[in-house]
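The values are calculated or read from the model by the stated rules, or taken from the named source; none is laboratory data. Every value quoted in this text rests on a predicted model; they were computed, and no experiment measured them. Quick reminder, even Gly has a Cβ in these numbers, built from the backbone with ideal geometry, and neighbours come from all protein chains shown. Heavy atoms of the whole protein, side chains included, go into the accessibility calculation; ligands, DNA and RNA do not. Shrake-Rupley method; radii C 1.70, N 1.55, O 1.52, S 1.80 Å.
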Amino acid sequence: MSEQKYNRWLILGAAVVINICIGTLYAWSVFALPLGKTFGWAATSIALAFTINHALSPVAMIGGGYIQDRLGSKANVIIGGIMFGVGLFITGFVSSVEMLYITYSVLAGIGGGCVYSGTLGNTVKFFPDKRGLASGLVAAGYGSGATIVAPVASSMIASFGVLTTFKILGAVFFVVIMLCSLLIKNAPAGFKPEGWNPPVAAKTTKSAARDMAWTQMLRDSTWWVVLVMLTCGALSGLMITAFASPIGQQMFKLNPMDAALFVSLVAVSNSLGRIIFGAVSDKIGRSNTIMIMYVISALGMLNLTFTSSVAGFAVSAIGVGAVFGGFMSTMPSIISERYGLKNFGVNYGITFIGFSLAAIFGPMTAATVRQSTGTYEQAFWIALGLNIVGLVFAFIFRTLDNRSKVVTRVTISK
């Protein structure tokens with residue numbers, strides 16, 4: 001199939017816009033306080049809505065992957081888009097926190113995950129020559145959604161109230177996603193861009209060993225190494241993402257407004273990291289890029305334990321945020337390259353369990369340490385240690401990956 005028949009860049013652009021819409025799920029902090037004031041709900045009860053959303057991420061990704069692998073990405077966008085838009089809209093009618101969990105956390109959350117899974121998988125298939133960059137751009141759309149939507153939502157909440165804001169956003173996003181779905185086309189099997197041929201190493205890879213079902217993937221010891229890498233790599237980023245404002249206020253004496261700027265700083269770094277590290281991994285390899293990211297993240301956490309300056313906090317926030325984004329763009333490429341594109345949706349959805357584990361234990365570790373010690377420093381040391389563990393596993397991954405390539409080449413040559 002040629003690029004003339006499929007305008008892959010237009011499809012990529014539509015996927016980015018769609019993911020900016022569903023990235024609103026990351027802007028939860030904008031809605032949390034107004035909901036608490038409106039209904040008098042406890043902060044912990046409201047925070048649980050965000051936790052449930054992340055805990056269900058693997059369910060959403062696996063379900064979305066199943067749809068994508070069998071019906072194609074367009075079905076993901078339509079089905080998930082309906083769930084996401086309707087979920088946000090009816091959140092505007094909630095009267096109890098239990099209803100909030102159902103409408104926002106479950107319905108909108110699973111819908112968003114379904115959309116993300118499909119757009120990401122389809123993009124990887126359309127860009128075999130630039131997988132890291134393309135997946136990074138799609139992931140950046142998701143990551144930047146909060147940065148773009150948060151100020152708009154804040155202004156709307158001030159003018160119309162939080163419930164009306166949910167209704168408006170739900171309706172608008174539903175229309176935008178449905179319109180963008182008209183531009184989405186399912187990637188054909190074996191798609192190759194005009195004038196591009198797979199590198200020699202890829203040609204000599206044993207096709208039967210590449211297209212694995214999820215059951216085969218779980219029997220591959222290398223996949224478990226990848227799972228640990230994702231968990232360790234995402235944990236520091238999620239810890240800083242969840243507590244950037246409290247850390248700024250408690251450790252660096254920032255006022256709430258200035259501390260809020262660091263939330264945006266982490267979000268922007270997250271988005272840029274998805275693009276930059278994704279593109280870098282296309283050039284120097286996935287394992288080399290991941291090892292560099294672990295070093296940057298470890299240095300960022302180490303700096304947080306010693307620095308007392310706002311500038312030092314900013315440097316660490318930028319580094320850790322960018323690395324967190326980098327893992328979101330390099331991991332899809334690793335799964336597609338090692339286990340093939342045929343079952344990519346489900347395979348990556350299962351791998352996303354590592355992200356869910358990091359989302360649960362990263363913020364929880366920071367909160368527990370803060371409550372027991374009065375500071376976040378021990379949490380930073382824990383995150384630093386996990387970055388070192390991740391770096392070791394990245395070395396193991398590179399060794400196993402290189403060994404499997406050698407074995408494959410020798411087998412084919414015979």
*Determine, for each peptide in 125-132, 137-144, the mean count of other beta carbons within 10 angstrom over its residues, then list the peptides with the highest first.*
137-144, 125-132
_Output the 0 to 90 degree angle, nearest 10, between the alpha-carbon long axis of helix 377-413 and the longest principal axis computed from the alpha carbons of the chain._
20 degrees
_With +1 on the Cβ of every Lys and Arg and -1 on the Cβ of every Asp and Glu, and nothing else charged, how large is the dipole of segment 291-414 about its Cα centre, in debye rounded to the nearest 20?_
600 debye
*Roughly what would the spin-label model give for Arg219 and Ile396, points 7 Å off Cα along C-beta, in nm?*
2.1 nm
*May I ask for the distance between the Cα centers of segment 4-60 and segment 332-356, given as a whole number of Å?*
21 Å
*May I ask for the longest run of the chain untouched by GluC sites (Glu not before Pro) that are loop-located per DSSP and have at most 16 neighbouring C-beta atoms (other than their own) within 10 Å?*
195-414
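Given a 1.4 Å probe and every protein chain left where it sits, what share in percent of the accessible area of the chain is carbon and sulfur?
Here it works out to 69 percent.
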*What is the sum of charges around Leu183, taking Lys and Arg as +1, Asp and Glu as -1, for the other residues whose C-beta is under 14 Å from the C-beta of Leu183?*
+3
_At a 10 angstrom cut-off on C-beta neighbours, averaged per residue, how do the peptides 274-283, 216-225 rank from highest to lowest?_
274-283, 216-225
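If you average the sequence gap of Cα pairs under 8 Å that are 6 or more apart and divide by the length of segment 109-239, what percent do you get for the contact order?
Computed over segment 109-239, the figure is 27 percent.
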*asked:* Using 30 Å as the Cα-Cα cut-off, could you pick out the over-long pairs in Lys125/Lys167; Lys37/Lys253; Lys37/Lys167; Lys130/Lys185; Lys185/Lys283; Lys5/Lys130?
replied: Lys125/Lys167
_Could you tell me the relative contact order of the chain? Use alpha-carbon pairs under 8 Å, at least six residues apart, and round to a whole percent._
25 percent
_With Cα atoms, 0 to 90° folded angle of helix 286-306 axis to the chain main axis_ = 20 degrees
*Using a 1.4 Å probe, what is the accessible area per residue for the chain, in Å²?*
41 Å²
_Of Ala394, Met251, Ala189, farthest towards positive along the dipole that unit charges on Lys, Arg, Asp, Glu beta carbons give the chain_ = Ala189
*Compute the FRET efficiency between Phe160 and Ile360 as 1/(1 + (r/R0)^6), taking r as their Cβ-Cβ distance and R0 = 22 Å, and round to the nearest 0.05.*
0.05
*Report, in degrees rounded to the nearest 10, the 0 to 90 angle that the Cα long axis of helix 28-39 makes with the longest principal axis of the chain.*
30 degrees
